[in-house]
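Colleague: There's a structure below that I have some questions on.
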Amino acid sequence: MNIGIIVYSKTGNTFEVASRLKGSLEQKGYSVSLEQVTLEKDAKPGEKDIKLVNIPDVERYEQLIFGSPVQAFSLAEGMNAYLEQIPSLEGKEVSLFVTKQLPFAWTGGNRTLGQMEKICAGKGAKVRGKEIVYWHEKNREKTIKQCIDSLGKQF
């Protein structure tokens with residue numbers, strides 16, 4: 001199975017989780033690629049004129065995992081712009097994860113996952129799993145492991 005992990009990572013936290021997830025899936029024998037969405041310049045919350053530099057192609061993957069940070073209690077503009085530009089996810093199964101600073105799901109984690117799910121489902125994808133990693137929690141390693149274990153069971 002060919003799995004694509006596609007992330008937008010502003011500070012590197014989301015990319016770190018994605019890298020560890022990739023390693024875990026590869027240990028299980030899956031073919032996994034990790035690609036990063038990059039922007040021409042940093043995007044602030046609410047910004048609409050976003051130019052993507054690296055636009056990963058979803059067509060080459062059988063299954064996808066999208067990862068994004070929470071930004072201002074919502075989906076980061078970089079990932080939002082990327083997901084919106086994908087023409088179709090018809091027939092794809094996707095899993096989602098977000099990283100966030102504040103330790104409560106109601107401070108943007110659930111909302112961000114909902115935004116990602118709505119975009120993906122609207123493009124024909126079946127959303128299988130969703131996870132939140134709380135970055136400034138004393139049990140950060142535990143939530144990262146939980147995310148990796150949960151999403152890893154989707155395959």
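What follows is calculated from the coordinates using simple rules that are stated; it is not laboratory data. Keep in mind that this is a model prediction, so the values were computed, not measured. Glycine also receives a Cβ, built like all others from the backbone with ideal geometry; neighbour counts cover every protein chain displayed.
Colleague: Compute the label zone of K138 within the range 91-119: residues whose backbone N is under 19 Å from the point 7 Å along Cα-to-Cβ.
Modeller: Hits in the range 91-119 for K138 at 19 Å: 101-105.
Colleague: In deg cm²/dmol, rounded to 500, what helix-only [θ] at 222 nm does the chain give when every DSSP H run of at least 4 residues adds -39500 (n - 2.57) and the total is split over its residues?
Modeller: Details: 4 runs with 51 residues, N = 155.
Taking each H run of at least 4 residues, the total per residue is -10500 deg cm²/dmol.
Colleague: Right, another one. If each residue's Cβ is checked for other Cβ atoms within 10 Å, how do Y30, Y61, Y8 rank with the fewest at the top? Could you put the intermediate results ahead of the total?
Modeller: Numbers: Y30 16, Y61 21, Y8 27.
Neighbour counts put them in this order, fewest first: Y30, Y61, Y8.
Colleague: Among F73, F15, what is the fewest-to-most ranking by other Cβ atoms within 10 Å?
Modeller: Details: F73 14, F15 19.
Sorted ascending by nearby Cβ count, the order is F73, F15.
Colleague: Arrange the following residues from fewest to most other Cβ atoms within 10 Å of their Cβ: W135, W106. Could the numbers behind the result be given before it?
Modeller: Working: W135 19, W106 9.
So the ranking, lowest neighbour count to highest, is W106, W135.
Colleague: Scan the chain and note any complete DSSP helix (H) whose C-alpha atoms cover at least 24 Å along its axis and whose Kyte-Doolittle average is 0.0 or more.
Modeller: Numbers: long enough: none.
Span-like helices, by this rule, are absent here.
Colleague: Go through the range 82-142 and name the trypsin sites (Lys or Arg not before Pro) that are in a DSSP coil and have 13 or fewer other Cβ atoms within 10 Å of their Cβ.
Modeller: Numbers: sites: K92, K100, R111, K118, K123, K126, R128, K130, K138, R140, K142; in loops: K92, K123, K138.
Counting only loop positions with at most 13 other Cβ atoms within 10 Å, the trypsin sites (Lys or Arg not before Pro) in the range 82-142 are K138.
Colleague: For percent of Cα pairs over 24 Å apart, which listed value, (i) 25; (ii) 29; (iii) 46, comes from the coordinates shown?
Modeller: (i)
Colleague: Can you pull the one-decimal nm distance between simple spin-label points at Y30 and T11, each 7 Å off the Cα toward Cβ?
Modeller: A separation of 2.7 nm, rounded to one decimal place.
Colleague: I would also like to ask the following. Given the options E84, E93, E47, which has the most mean-square fluctuation in a GNM of the chain, springs set between C-alpha atoms less than 10 angstrom apart?
Modeller: Greatest mean-square fluctuation among the candidates belongs to E47.
Colleague: Below 8 Å, C-alpha to C-alpha, sequence gap of six or more: please give me the relative contact order for the chain in percent.
Modeller: Working: 311 pairs, mean separation 34.5, N = 155.
Result for the chain is 22 percent.
Colleague: Right, something else. Got a sec? Which residues in the range 48-86 would a label at E40 touch, if it sits 7 Å along Cα→Cβ and we count backbone N under 14 Å?
Modeller: Only 48-55 fall inside the zone, counting backbone N under 14 Å.
Colleague: In nm, give the distance between the simple-model label positions of R128 and A72, each being 7 Å from the Cα along the Cα-to-Cβ direction.
Modeller: For the pair R128/A72, the computed spacing is 3.4 nm.
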